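Let me begin by presenting the structure, written as structure tokens, before commenting on it.
The values are calculated or read from the model by the stated rules, or taken from the named source; none is laboratory data. Owing to the predicted nature of the structure, the values given are computational and were not obtained by experimental measurement. When we count neighbours, we look across all protein chains shown, and the Cβ atoms used for this are built from the backbone with ideal geometry, even at glycine. Note: accessible area is taken over every heavy atom of the protein model, side chains too, but ligands, DNA and RNA are not part of it. Shrake-Rupley method; radii C 1.70, N 1.55, O 1.52, S 1.80 Å.
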Amino acid sequence: MARAHRMTSLTTLNRRGPALVLYLHVTLVLVCAAVLTGVPDLVPITVFILPLFFASHYLGPRHLPWYLIFLLAVMLICVAQRQRADLRTSAGVVAVFFIAFIVLQASFRRSRLGVSGPRGESMLVDLRDRIMSQGMLPPLPAEWYAETALRSAGGTPFAGDFVVASRPGNGRRLDLVVVDVSGKGEDAGTRSLLLSGAFSGLLGALPPEEFLPAANDYLLRQEWEEGFATAIHLTLDLDAGDFVLRSAGHPPAVQLSAGAGRWVVHPAEGGTVLGVLEDADFPAVHGTMRRGDAMLLYTDGLVENRSRDIAMGIDRLQGQGERLLRSGMDDGARRLIDKLGSRNDDRALLLVHRR
């Protein structure tokens, strides 16, 4: 009975919630009007911007237009009661009307998106965080270290580069994919979010050799105007250190051979960019990571810019990597990405090290 009573109370509160919020906002407008009428020499007409601000955050598209009409009507009544309307008051009225118009436009845009207020915005942020969390690296055995570093051209979490990872059943196999979606910054962010969720599901559900063909088919079905992407897929045996690299038009991986003390470039030649051709082929490159070895997977924003081609960028990556990683692999991806690449392009770097 107590549980049923609590459920009934919550239901009643949810039903009364929007009406209570509207009532508080109406009260705030009336308080502003009373203060403005009582002490007109101390309080400017722009005091009505305060309820406008709160309304834009907490009222939904169903109530907001009528609330704005009420607020503007109250403001005009307050202005009409003044004995004189100077230039300052007129400018304040124009400013309030202008801000109300902006708030109304934003409300219509939110209603088209199907969200309203801070809850709707937090829903989109939560969706972004859930999708991006799928690229987090799984726990690895003590002898392995892996780290990712991402930088957006616009400095926002939304970028055209992303990483997805999978370790089925926390077993001996680790799958890592670095993807570069066409475009950069926020322009590519929506496609990047969609693809990261889809690719994460494909990576965990398919055998390694089927992942890139399935990703290619998925992109072709989207029929985006700018719908291609490059990717490199690393499948790693965590027991033996054997790996397989498959590339889809992506810059080659580079491996630091601790025994030889040099970098080895692993070009996966023949891989076709995702989303361009049906039945594309993605040849595999095989190798082994021994103790002390490291592998770098990256996007072209890290090694290519207008004044330098990709071959010279890869050479510079190897040189910087050799210098920076002498002090240890921990935090190496962040240190490398902060030293390299164009600040006007998205950059992603994945470092894998066998201790």
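Sort out which residues of the stretch 29-60 are of a type in the set (A, V, I, L, M) and open to solvent by less than 20 Å² (accessible area, probe 1.4 Å), and write them in order of number. V29, A33, L36, I45, L52, A55, L59 - these are the residues of the stretch 29-60 that are of a type in the set (A, V, I, L, M) and open to solvent by less than 20 Å² (accessible area, probe 1.4 Å). Of the residues that make up the stretch 268-282, is at least one hydrophobic (A, V, I, L, M, F, W, C) and in a strand (DSSP E or B)? Checked against the condition, which is being hydrophobic (A, V, I, L, M, F, W, C) and in a strand (DSSP E or B), the stretch 268-282 yields at least one hit.
Taken together, the residues in the stretch 305-333 that are assigned to a loop (DSSP other than H, G, I, E, B) and in contact (Cβ under 8 Å) with a residue 60 or more places away in the chain amount to 3.
Residue-by-condition table, conditions (1) at pLDDT 90 or above; (2) part of a helix (DSSP H, G or I); (3) buried (at least 24 other Cβ atoms within 10 Å of the Cβ):
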residue	(1), (2), (3)
D175	yes, no, no
G201	yes, yes, no
F211	yes, yes, yes
A215	yes, yes, yes
W224	no, no, no
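Against the test of being touching a Ser or Thr at 6+ places or on another chain (Cβ under 8 Å) and either farther than 29 Å from G169 by Cα or open to solvent by 20 Å² or more (accessible area, probe 1.4 Å) (or both), the options D281, D309, D293 yield a single qualifying residue, D281. Picking from residues in the stretch 254-272 that are closer than 22 Å to L206 by Cβ and in contact with a Ser or Thr (Cβ under 8 Å, 6 or more places away or on another chain), the one that is surrounded by the most Cβ atoms within 10 Å (Cβ to Cβ) is G271.
Okay, residues lined up against (1) among the basic types (K, R); (2) more than 14 Å from W224 (Cα to Cα); (3) touching a Gly at 6+ places or on another chain (Cβ under 9 Å):
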residue	(1), (2), (3)
N170	no, yes, no
D175	no, yes, yes
V179	no, yes, yes
L194	no, no, no
A198	no, yes, no
P207	no, yes, no
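Scan the stretch 35-68 for residues that are assigned to a helix (DSSP H, G or I) and at pLDDT 85 or above and the total you get is 20. Here the condition is being open to solvent by less than 50 Å² (accessible area, probe 1.4 Å) and either modelled with pLDDT under 85 or in a helix (DSSP H, G or I) (or both); of A91, A85, A73, A80, it holds for A73 alone. Residue selection: L219 fails the criterion of being closer than 28 Å to L340 by Cα and buried (at least 22 other Cβ atoms within 10 Å of the Cβ).
Out of L302, L349, L296, L336, report the one residue that is under 13 Å from L150 (Cα atoms), without any contact (Cβ under 8 Å) to a residue 60 or more places away in the chain and not acidic (D, E).
Residue meeting the stated conditions: L302.
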